[in-house]
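Enquirer: Here it is, the structure in full.
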Ligand code: URA
Ligand code: SF4
């Protein structure tokens, strides 16, 4: 994340972190305003010596309630795609660019709201610390927010997906974007494209 400008989460991030230490410290983060309406911080799951790190955008409704990343519909689709790509999900480290759920209340429903660049920057020190600990062979950014957080610049997913970029970065679509196509033309090809991209990261 080269474009972090402000302090954001930095004062809350332990200076010589382990993943367990980061996870323990994250609930105290006040690096941006998103902690207040959220249920809890959603940190990560998976082994800290993983060779593949997958970075999503932010937790969704299910993740906010359960405290675990990728446990809702997008997570289920991601599991299917990883399996189809020959990647063992349990061997992958899964995290998000932003650790608190950003939403808008509409009646009883909490609607996902895309995090801004300010949120991505504020939360960047957590992701930077995770990547410094795990030191994976490849970092897969799921969607434009994750790609921006990881690469520190704006990224056109369609233009930059489908190849390993310098530094071991791979950009692909967010599984939520594929979930939204379910039952419509284009679902199969969007799913296959995600599987193909993930296959580039396979061991
Ligand atoms: N979408 C994400 O980007 N991350 C999650 O953890 C769940 C849905
Ligand atoms: Fe801290 Fe990130 Fe949560 Fe903002 S979203 S409060 S920076 S953990």
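No value in this document is a laboratory result; all are computed from the given coordinates. From a predicted model like this one, the values you see are computed outputs, not experimental measurements. Reconstructed Cβ throughout: ideal geometry from the backbone, glycine too, with neighbour counts over all protein chains shown.
Enquirer: If you count the DSSP beta bridges with both ends in the chain, what percent of them are antiparallel, to the nearest 5?
Expert: Numbers: 8 of 20 bridges.
Antiparallel bridges make up about 40 percent of those DSSP assigns within the chain.
Enquirer: Just 176, 189, 79 to compare: in a GNM of the chain, with alpha carbon springs under 10 Å, which one fluctuates most?
Expert: 189
Enquirer: Sorted from fewest to most neighbouring beta carbons within 10 Å, what does the list 113, 99, 108 look like? Provide the component values of the computation, followed by the final result.
Expert: Details: 113 13, 99 28, 108 5.
Lowest to highest Cβ neighbour count: 108, 113, 99.
Enquirer: Enter the Cα centre distance for the pair region 29-47 and region 80-99, rounded to the nearest angstrom.
Expert: Between the Cα centre of region 29-47 and that of region 80-99, the gap is 20 Å.
Enquirer: Please tell me the relative contact order of the chain in percent, rounded to the nearest whole number, where contacts are Cα pairs under 8 Å and at least six residues apart. Please report the intermediate quantities before stating the final value.
Expert: Numbers: 383 pairs, mean separation 52.0, N = 203.
Relative CO of the chain lands at 26 percent.
Enquirer: Neighbour counts of other C-beta atoms within 10 Å: give me 119, 62, 112 arranged from fewest to most.
Expert: Working: 119 25, 62 18, 112 15.
Lowest count first: 112, 62, 119.
Enquirer: Over the alpha-carbon set of the chain, divide Rg by the Kirkwood Rh and report the Rg/Rh ratio to two decimals. Intermediate values should be presented prior to the final figure.
Expert: Numbers: Rg = 15.8 Å, Rh = 16.8 Å.
So for the chain, dividing Rg by the Kirkwood Rh gives 0.94.
Enquirer: Grab the eigenvalues of the alpha-carbon gyration tensor for region 44-131, scale each by 5, take roots, and send me the semi-axes largest first in whole angstrom. Show your work: numbers first, answer last.
Expert: Working: eigenvalues 106, 61, 19 Å².
Gyration-tensor ellipsoid for region 44-131: 23, 17, 10 Å.
Enquirer: Got a sec? How would 12, 126 order by Cβ neighbour count within 10 Å, fewest to most? All intermediate terms of the calculation are to be shown ahead of the outcome.
Expert: Details: 12 17, 126 30.
So the ranking, lowest neighbour count to highest, is 12, 126.
Enquirer: Who wins for biggest fluctuation among 66, 57, 104 in a Gaussian network model of the chain, springs between alpha carbons below 10 Å?
Expert: 104
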